[in-house]
Amino acid sequence: MRAIAIAALVVLVGLEGAPIGAAPAGSLPLPEDHERRLAAGEIIALDALPPGASSQAQGGTAVAVVRAPVEKVWGILTDYAGHPRFYPRVVSAEVMKASAGYALVRYVVAIGFLSFTFTMDKYQDPESHHIRWQLAPGYPNRLFRENSGYWQVDHRDGASLVTYGLAVRTVLPGFLTRTAERDSLIDTIAGLRRLAEAPESAGPR
């Protein structure tokens, strides 16, 4: 039961996917029918892994149009302490260290009575609106053997084209964490979209 719960945690946090060869970071070239689906509001999940993923990694890439300015989406993504607002099952995110273009972030994820802590090196480029990350060496981590990925935000007709790539390996056998892999990518972008597209609060009058 513990192994099954951990597998569910990996999927629900949005850290799981299907194995395939690595693809370049950034916005991916999409066929015409995918462009139509994006315009209709669909979140498209692809089998492409981020660059640098190991041959044993699982993961994928999700692409969607978020109807909010790039600056707003970028602000949400780089507010690392606010990640529990849209990452499923993330209950805590603490910025332990920050400098220009870099942040060290400790996450806690939970499902039921189980919780796990892991720490990420985050590198952000505000010019290209690109964030990449990897597990920070030397910090406690009982769940992941590998966890890397990226966010890319591009201008799209007054809105934002968001690309989310992820590659992971856990301490569990792959068959326990392979199900519902596309849903995990989609759920994370859906959470980001809800947050970014929410109307701005008018504040007290």
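Values computed for the structure shown
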quantity	calculated
Residue within the stretch 27-44 that is part of a strand (DSSP E or B) and either modelled with pLDDT of 90 or more or surrounded by 18 or more Cβ atoms within 10 Å (Cβ to Cβ) (or both) present	yes
Residue within the stretch 144-166 that is of a type in the set (A, V, I, L, M, F, W, C), closer than 23 Å to SER55 by Cβ and part of a loop (DSSP other than H, G, I, E, B) present	no
Hits in the stretch 55-93 - residues which are touching a residue at least 40 places away in the same chain (Cβ under 8 Å), over 18 Å from ASP187 (Cβ atoms), outside any loop (DSSP other than H, G, I, E, B) and in contact with a helix residue (DSSP H, G or I) (Cβ under 8 Å, 6 or more places away or on another chain)	LYS72
Residue list for the stretch 90-133, restricted to those being farther than 15 Å from THR78 by Cα and either among the charged types (D, E, K, R) or surrounded by 17 or more Cβ atoms within 10 Å (Cβ to Cβ) (or both)	VAL90, VAL109, ILE111, PHE116, PHE118, THR119
Failed item in (1) assigned to a strand (DSSP E or B); (2) among the polar types (S, T, N, Q); (3) touching a Phe, Trp or Tyr at 6+ places or on another chain (Cβ under 6 Å), with GLN134 passing the rest	(3)
Residue list for the stretch 134-148, filter: surrounded by 19 or more Cβ atoms within 10 Å (Cβ to Cβ) and either out of contact with any strand residue (DSSP E or B) (no Cβ under 8 Å at 6 or more places or on another chain) or modelled with pLDDT of 95 or more (or both)	none
Flag if ALA53 is modelled with pLDDT of 90 or more, within 16 Å of the chain's Cα centre (by Cα) and either closer than 17 Å to TRP151 by Cβ or surrounded by fewer than 21 Cβ atoms within 10 Å (Cβ to Cβ) (or both)	yes
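The values are calculated or read from the model by the stated rules, or taken from the named source; none is laboratory data. Everything quoted here is computed from the prediction, not taken from an experiment. Cβ atoms come from the backbone with ideal geometry, glycine included; neighbour counts cover every protein chain shown.
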